[in-house]
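The values are calculated or read from the model by the stated rules, or taken from the named source; none is laboratory data. Keep in mind the model is a prediction, meaning the values are calculated, not measured. All Cβ positions, even for glycine, are placed from backbone atoms using ideal geometry, and neighbour counts span all protein chains on display. Note: accessible area is taken over every heavy atom of the protein model, side chains too, but ligands, DNA and RNA are not part of it. Shrake-Rupley method; radii C 1.70, N 1.55, O 1.52, S 1.80 Å.
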Amino acid sequence: MTLAARALARPRRVAVSMPLWLRTGAAAWIATRLAIAGSLAGAHLIAAYTHRPLGLDRWDTQWYIAIASHGYASAASPNFFPLLPMLEAGIGRVLAGGADPSQTDLLAAGLGVSAVATLVAFCALAALVELEADAQTAASAVRLLAAYPLAMFLAAAYTDGPFLAAALLYFLGVRTRRWWLAVAAGIAAGLLRPVAPLLGIALLVELAVEIAWRRTDRAALRGRLVAIAAPLSGTGLYAGFLWWRFGDPLLFVHTQARYWHHVMSAPWQTVAMMLERLSHPGVTSALDFGLVIAFAALAVAVLARMRLAYGVLTAGLVLAVLVSPVPSDKDAVQSAGRYLLAAFPAFWMLARWVVRRPWLEFALVAAGFPLQAALVVLFVLGGPIY
């Protein structure tokens, strides 16, 4: 056989390249896992020297574990939406070998769900921005999200990671016309957080404006209408359960006022309250105040420069924080920085600004990760970060 014949007969290796959005998302996910591990190591040393208990089952985590174990058995528990505890209960039973899961099993399940959801969120953000902008902006957006100080909650057994993943998959499904994906993600979002209807409202406003200007794509109209209904359907399912179980379909709203002392307030009154509290702040008051102002400015920029649905979503999330303060707490907008984690268009908008200014991105990331590490330590030591 000649050399040419041997070359032709030799099996060829087919190069399989990983999509860029997957590489971007996976790299950010691995980097954040390593950073969280380093923070936990530091927290362990602090706990050893100060004799303080160290735990990953802090604050809301305990509520989700209790619901996964016993269902909605207390008057305050309906404040927490059902999808995460359902997943914890199912996965926890698998971890327990079919027996009733222990609290450790349920915690491990919750942490696993958040870890996978965070990977999905990073990849979905990269894919969405790459689809509508470019790969460089996508990479910057993912890095800025990963370095956001309150992104530490993406590693906790909270709903923030799953909800962010659901919101991003929802819009990715809409933009790629994979309506099954948008519907599934929308229903999941509605079973995770009370602000999920904002996803459908944002898309509805965008569609209404397009129809008014006669710019709508009639071929996609039915799919978009179904997608708009999906988050409302998810929330409606939970409301229906609460009506059947407790006789109050809006119990998740009423528990916020009854047990967490949220009140309805005009946004400008909340801002005035926040400014007043800065004279005797809580641990995270200044951080929450600064983040609310920053996201409000970014919401204006998103409304002016990006798709209308993204602007409505970002502005709606900021407004949701401002109309529901906690006047009895030193931090009038408790957990505002965590709630605004779902405003992914803000990170996208910021990426558009920093993509041509590498020094600014470097500064934001370099400042964000150390602050995130400090908040991780505070959280696992039981500090007031929730």
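Just to confirm a number: summing +1 for Lys and Arg and -1 for Asp and Glu over residues other than Gly383 whose beta-carbon lies under 11 angstrom from that of Gly383, what do you get?
Values: positive: Arg52, Arg58; negative: none.
Neighbour charge sum, excluding Gly383 itself: +2.
Given axes a ≥ b ≥ c from the Cα gyration tensor, I'd like to know whether the stretch 121-182 is rounded (a/c under 1.5), prolate (a/b larger than b/c) or oblate. Walk me through the numbers on the way to the answer.
On the way: a/c = 3.85, a/b = 1.24, b/c = 3.11.
Since a/c reaches 1.5 but b/c is at least a/b, the shape of the stretch 121-182 is classed as oblate.
Equivalent ellipsoid semi-axes for the stretch 259-298, as square roots of 5 times the alpha carbon gyration tensor eigenvalues: give them largest first, rounded to whole Å. Working shown, then result.
Values: eigenvalues 53, 43, 22 Å².
Over the Cα atoms of the stretch 259-298, the semi-axes work out to 16, 15, 11 Å.
May I ask you to give the percent of accessible area on the stretch 30-112 that is carbon plus sulfur, with a probe radius of 1.4 Å? Intermediate values should be presented prior to the final figure.
On the way: 2860 of 4290 Å².
Answer for the stretch 30-112: carbon and sulfur cover 67 percent of the accessible area.
At 1.4 Å probe radius, can you tell me the per residue accessible area of the chain in Å²? Could you put the intermediate results ahead of the total?
Details: 18360 Å² over 386 residues.
Accessible area per residue, the chain: 48 Å².
Efficiency by 1/(1 + (r/R0)^6): what FRET value for Gln62 and Arg214, r their Cβ-Cβ distance, R0 = 51 Å, to the nearest 0.05? Kindly include the intermediate steps, with their values, before the conclusion.
Working: r = 53 Å, r/R0 = 1.03.
Efficiency at R0 = 51 Å is approximately 0.45.
Once fully extended, how much extra length lies between Trp243 and Val94, figured as 0.36 nm per residue of separation less the alpha-carbon to alpha-carbon distance?
Between Trp243 and Val94, full extension yields 50.6 nm more.
If r is the Cβ-Cβ distance from Tyr49 to Lys330 and R0 is 41 Å, what FRET efficiency results, to the nearest 0.05?
Numbers: r = 28 Å, r/R0 = 0.68.
FRET efficiency, Tyr49 to Lys330: 0.90.
Would you look at the GNM of the chain, springs on alpha carbons closer than 10 Å, and say which of Ala37, Ala184, Ala351 moves the most?
Ala37
Could you work out the pair-distance distribution P(r) of the stretch 250-386 from its alpha-carbon pairs, with 10 angstrom bin width and percents rounded to whole numbers?
11, 36, 36, 15, 1
Using C-alpha positions alone, give me the convex hull volume of the stretch 321-372 per residue in cubic angstrom. Don't skip to the answer; put the middle values down first.
Numbers: hull volume 4.8 nm³, N = 52.
Hull volume normalised by residue count: 93 Å³.
HN-Hα J couplings of the stretch 145-160 from phi, Karplus 6.51/-1.76/1.60, θ = phi - 60°, integer Hz, Gly and Pro as x?
5, 4, 8, 4, x, 7, 5, 4, 6, 5, 9, 8, 7, 10, 8, 4
Taking 7 Å along the Cα-to-C-beta vector as the label spot, tell me the Leu360-His261 distance in nanometres, rounded to one decimal.
Result for the modelled spin labels: 4.0 nm.
Using the 2.2 N^0.38 Å rule of thumb for compact globular proteins, work out how the stretch 131-274 stacks up: its C-alpha Rg over that value, please. List each step's numbers first, then the result.
Numbers: Rg = 17.8 Å, N = 144, 2.2 N^0.38 = 14.5 Å.
Computed over Cα atoms of the stretch 131-274, the ratio equals 1.22.
Report, in debye and to the nearest 20, how large the dipole of the stretch 88-242 comes out about its Cα centre when Lys and Arg carry +1 and Asp and Glu carry -1 on their Cβ. Could the numbers behind the result be given before it?
Details: 11 positive and 10 negative charges, 115 e Å.
Dipole size: approximately 560 debye.
Considering only C-alpha atoms, what is the centroid distance from the stretch 282-333 to the stretch 58-97, in Å?
Taking the Cα centre of each part, the stretch 282-333 and the stretch 58-97 sit 29 Å apart.
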